[in-house]
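Here the structure comes first, spelled out in C-alpha cells, and everything after it is commentary.
The values are calculated or read from the model by the stated rules, or taken from the named source; none is laboratory data. Small disclaimer: the values here were computed from a predicted structure and weren't measured. Note that each Cβ is placed from the backbone with ideal geometry, even for glycine, and that neighbours are counted across all protein chains shown. Heavy atoms of the whole protein, side chains included, go into the accessibility calculation; ligands, DNA and RNA do not. Shrake-Rupley method; radii C 1.70, N 1.55, O 1.52, S 1.80 Å.
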Amino acid sequence: MAEGQDGYFDSSTDSLRVEPIYESFLCPLSKQVMRDPVTIESGATFEREAILKWFKDNGSGGRRLVCPVTNKELSSTELNPSIALRNTIDEWMHRNEAAKLDVARKSLTSDCSEGDILQALEYVAEICQRSRSSRHLVRKVGLISLITDLLKNSSPKVRQKALGSLRFVAKNDNDNKNEIAAGDNIRTIVKFLNHGHSQEKEQAVSLLYELSEYKPLSEKIGSVSGAILILVGLSSSKVENLLTVDRAEKTLENLESCEKNVRQMAENGRLQPLLRLLLEGSSDTQLSMAAHLGELVLSNDVKVLVAQTAGSTLVNIMKSGNREAREAALKALNQISSYDTSAKILIEAGILPPLITDLFTVGSNQLPMRLKEVSATILANIVASGASFESVPLDHNRQNLVSEEIVHNLLHLISNTGPAIECKLLQVLVGLTTSATTVQSIVDAIKSSGATVSLIQFVEAPQREVRLASIKLLNNISPFMGQELAEAFRGNFSQLSSLVRVIADNNGISEEQAAAAGLIADLPPRDSVLTRRLLQDGAFSTIITKVTMVRQGDIRGGRFVNPFLEGLVRVVSRITFILDDDPDIIAVARDYNLTPLFTDLLQMNGLDTVQIVSATALENLSRQSKLLTRIVPAPNPGFCFSIFPCLSQKSVATGACRVHVGICSARESFCLLEGKAVEKLVACLDHNNEKVVEAALAALSTLLEDGVDIEQGVMVLCDAEGVNPILEVLCENRNEALRQRAVWAVERILRIDEIAYEISGNQNVGTALVEAFRHGDSRTRQIAERALKHVDKLPNFSGIFSKMGAA
C-alpha cells in the first residue's frame, strides 16, 4: 500500500480516508493518484500529463529518451491509455469518496470539535472540485443543508469555511444551487455582505456570484431586502479588496437578467442597466423601463445622464408610441426636465414641438387631461430652465414658443381647463416673463388677446399654487402693463382686496406675499382710485405694521424678505403721490406718521429700492410742508426799528421753522428738519447707486424751492454738511438727470454771496457749470448761466443795462 497523497490534493484530509491507496494507482513521476493513466513502450504506466512533460524536458538537444522507471531506451513516445486501470482507480475513488463523505457528514452532524468541522468542510470543498459527479454525491448524501446550517455557527472560522465550501458545491451545478438557495439561506448569505468580517464578506459575495450564474435564482437574490443596495455599494467601494469589488460587480451583471432587479438597481443609483434596456429592449421592455424611470427620484447628475443617454428615445416614444407608451415616456420626461441642465438637453432632443402638439390637440386624438397636465408640467420645467426659445421652431411656419399665436393658444387653454393645467401653464408664462428677452413678446400677446381681465381673476383662485403662479405672472408684467392692470383692478376691487389678504398673512414671508406686494407696488402710484380702495381695505395699516415687524426682526426672513419689504415700502409711498388731491389724504399721512417712517427706512443700506422710494416719498411730503406749516405773527420790532428800518432783520416767531417760517413738525407738516431727515438724506448723496443719489438730492432740493426761505434752506444744508456733497455730485457728472438736479441745487446755493465767493475759486465746480452751460438742455443752460454769474464766471449785463437806462 502507498502512503502518498490523495489525487491532486494535499494530505490535510488523510484522516478521513477509509480505503488505502494502492501503489499501482500512483504515477511514478508525480506521486499522485492517476486520473488518466497511459502506458509507454517500456510497459511502465504514468499520468498522461506527467509523462508528456518528461518527454518534453528530456528529449531536447537530440538526447535519447529513456523510460523514467526502467531506464530502457525508448524508440517510440506512443501513449496507450490504460482503460482498465483508470476504471479501477475511478471505482476506488468513488468508494473512498462516499466513505469519506459519510465520515464528513458524521463530523458535521455530531458534536465535534471546531477542528474536525473545519477538516470536514475542507474535504467537501476538495472533493467538489474533482468532478460534477462528486458535487452530485455531496447533494445526494445530504451535506448541503448541513453546511448551510453552519452559516449561523458562532465561530467566524467555521462560517467562513462553510461559505467557501458552498461556493465549490455550487460550481456549475444548478441543482446544488437550488438547494443552497432554499429557505432563507440567501438572506443569511446577504447578511455577511453588510455585517461580516472582511474574509467572510469576500467568501459570501463569491458564493452569491456563483448562485447568480443560474438565472432562475437572480430574482430570488434580488428579492432579499437590501441585497442589491449592498451589492451596488460594494461594487463602487474604495475600501473593500479588489476581489470583493469585482465579484459584487459581476454578481450585479448577472442579476440584470431580471427586470425587477434592474428596477431595483435604478432605485439605488445604478441606472445604466435600465437605460440599456430602454434603448435596446423590446417594445414591452422599453415601456416597462420608461414607466419605472418616471417613478424614480433622480439626483440632478443622474437626470443629466438620462437626458444625454435616453432623451431622444423618450421623445420619440412620446411622438409615435401608443397611449400607454406615451404616458410612460411623458412621466419619465417629467422627472428629467425638472433640472435646468437636463431640460436644455431635452430641448436639443426636440421635445418642444411634440409637447406643444400634445397640449393644443383637441378631438379624438387628444391626450387625456391627466396626461395634458404632465405635458404642461414638462413645458413649465423646460421654460424654467432659462433656455433661449426664440431660435427653437415649433412647426414648419417657424413659430416659436413666444410667437403671438402660440401665446394666444396658451392663454385660451388656461381659461378653458382645470386648475392643475391652469397652474402649470401660468408657470410657463411666469418663466417666459422672467426673461428680459421674451417678456415683451408675452406682454404684447396678452394685450392683443385682451386676456388681462381673465388673468387677474386667478388671484382669487382657491388653489394656492394657481394663485401664486397668477400673482407672479402679473408681477412680472406689471412694469409693462401697469395702466392696463390698474383698469382691470378698478373693474373688480375684490381682486385687489385678495392681494391685500395675501400680504396680510402672518405665516412668515412667502414668495406669494412678495409677488403680491410687488404687483400692487407697480400699479400707477398716482392712481387715487386704487389708493383710496387700499385705504378702505385697511391695507396701509397692515402694510406699515409689516414693515415695522420686518425692520425689528419680528417676522421670519428668508430669501423673499427683501423683495417683500421693497414692495411694501413702495405701496406705502403711494399715499405721498396724491397729497395734493384731498385733505383727507393729508390726514392719512399724519395718522401713519409717514415722515419718521421713511426717514428710518433711508438707513436700509443694501436695499437701494427702499432708499430710493423712501427719499422720493420724503420729497413728496416735504413739498407739502410750506403749505402745512402754521404761520404765526412775527414779534413787534419795537419803536427804534420802526424809525430806523435799516436796523431791522427778518424776524421769525419763536419756535418757528427756519425754512418754512412757521410752526412745523414731522407728523403735522412733514418737515424734514423736524423729522431729522436732512442728515440722513445727505448721507445718501455718497451712494454708489445714481438713482439713490438722485432721489436724495430731489428731497433735499425741497428746502431750496420757491415758497420757502432759500437762504435758511442753504444754511440748513451747511449745518448738515450737505453743500460739499452736492457740489461733488455736480462735478462727478454721472448722468444727465443727476446733472440737471445738481445744477439747479447749486444755483440756489450760490445765491448766498459768502458761499458763492468761497466757491468761485473751485475750478472743478466752475468747469462742471461750464459743461452744463455748453451741453445741457435749454432749461439747464439757463440755470447754469445764472450759477456762473453768481461766481463771476459770466458778466452780469442786467446791472449795466439798468444803469445805462437811468442815464
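Numbers for the structure displayed
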item: Assigned charges on the beta-carbon of Lys, Arg, Asp, Glu; region 11-109 dipole about Cα centre (debye); result: 200 debye
item: Degrees between helix 797-806 axis and first principal axis of the chain (Cα, 0 to 90, nearest 10); result: 10 degrees
item: Pairs of alpha carbons in region 23-79 whose separation is greater than 18 Å (percent); result: 25 percent
item: Rg/Rh (Cα only; Kirkwood hydrodynamic radius) as it applies to the chain; result: 1.31
item: Helix-only mean residue ellipticity at 222 nm for the chain, each DSSP H run of n ≥ 4 adding -39500 (n - 2.57), per residue, nearest 500; result: -20000 deg cm²/dmol
item: Rounded to whole Hz, the Karplus (6.51, -1.76, 1.60) HN-Hα couplings of region 656-666, x for glycine and proline; result: 7, 5, 4, 7, 9, 6, x, 7, 10, 7, 5
item: Space enclosed by the convex hull of the alpha-carbon atoms of region 259-367, per residue, Å³; result: 86 Å³
item: Cut-off 17 Å (backbone N to label point 7 Å along Cα→Cβ of Asp608), residues of region 726-740; result: 733-739
item: Largest-first principal axis extents, alpha carbons of region 171-217, Å; result: 29, 20, 14
item: Computed magnitude of the charge dipole of the chain (debye, nearest 20; Cβ of K, R +1, Cβ of D, E -1); result: 480 debye
item: Cα centre as origin, Lys/Arg/Asp/Glu Cβ charges: region 675-780 dipole, Debye; result: 340 debye
item: Protection-proxy order for peptides 206-213, 390-397, each taking the mean of Cβ atoms within 10 Å per residue, highest first; result: 206-213, 390-397
item: Residues whose placed amide H lies under 5 Å from that of Ile21, excluding near-sequence neighbours; result: Ala2
item: Across Lys152/Lys177; Lys53/Lys161; Lys152/Lys201; Lys424/Lys546, pairs whose alpha-carbon gap is larger than 24 Å; result: Lys53/Lys161; Lys424/Lys546
item: Separation between Cα centres of region 422-473 and region 187-255, rounded to whole Å; result: 54 Å
item: C-alpha center-to-center spacing [region 32-58, region 525-556] in angstrom; result: 106 Å
item: Rounded to 10°, Cα long-axis angle of helix 83-109 versus longest principal axis of the chain; result: 60 degrees
item: Relative contact order (percent, whole number), region 86-233, Cα cutoff 8 Å, 6+ residue spacing; result: 18 percent
item: Contour excess over end-to-end distance, with Cα ends at Ser320 and Ser257 and 0.36 nm allotted per residue; result: 19.9 nm
item: Neighbour net charge for Ile585 - beta-carbon separation under 11 angstrom, K R +1, D E -1; result: -2
item: Candidate aspartates and glutamates - alpha carbon under 15 Å from Lys331, same-chain residues fewer than 8 apart omitted; result: Glu295, Asp358, Glu373
item: Ordering of 761-767, 346-352 by packing [mean C-beta count within 10 Å, highest first]; result: 346-352, 761-767
item: For Ile663, residues with placed amide H under 5 Å, excluding near neighbours; result: Arg630, Ile631, Val632, Cys657
item: Mean Cβ neighbour count within 10 Å, used as a protection proxy, ranking 296-308, 774-786 highest first; result: 296-308, 774-786
item: Degrees between helix 404-415 axis and first principal axis of the chain (Cα, 0 to 90, nearest 10); result: 80 degrees
item: Among Leu703, Leu29, Ser107 - extreme Cα towards positive end, dipole of the chain, charges at beta-carbon; result: Ser107
item: Cut-off 15 Å between beta-carbons: net charge of the residues surrounding Leu279, Lys and Arg +1, Asp and Glu -1; result: -3
item: Long pairs among Lys72/Lys100; Lys676/Lys789; Lys191/Lys250; Lys106/Lys157; Lys100/Lys215, criterion Cα-Cα beyond 30 Å; result: Lys72/Lys100; Lys676/Lys789; Lys100/Lys215
item: Percentage relative contact order, the chain, counting C-alpha pairs under 8 Å, at least six apart; result: 4 percent
item: Candidate residues Tyr757, Tyr339: accessible-area rank, largest first, probe 1.4 Å; result: Tyr757, Tyr339
item: Net +/- balance of residues flanking Ala325 in space, Cβ distance below 14 Å, scoring K and R +1, D and E -1; result: 0
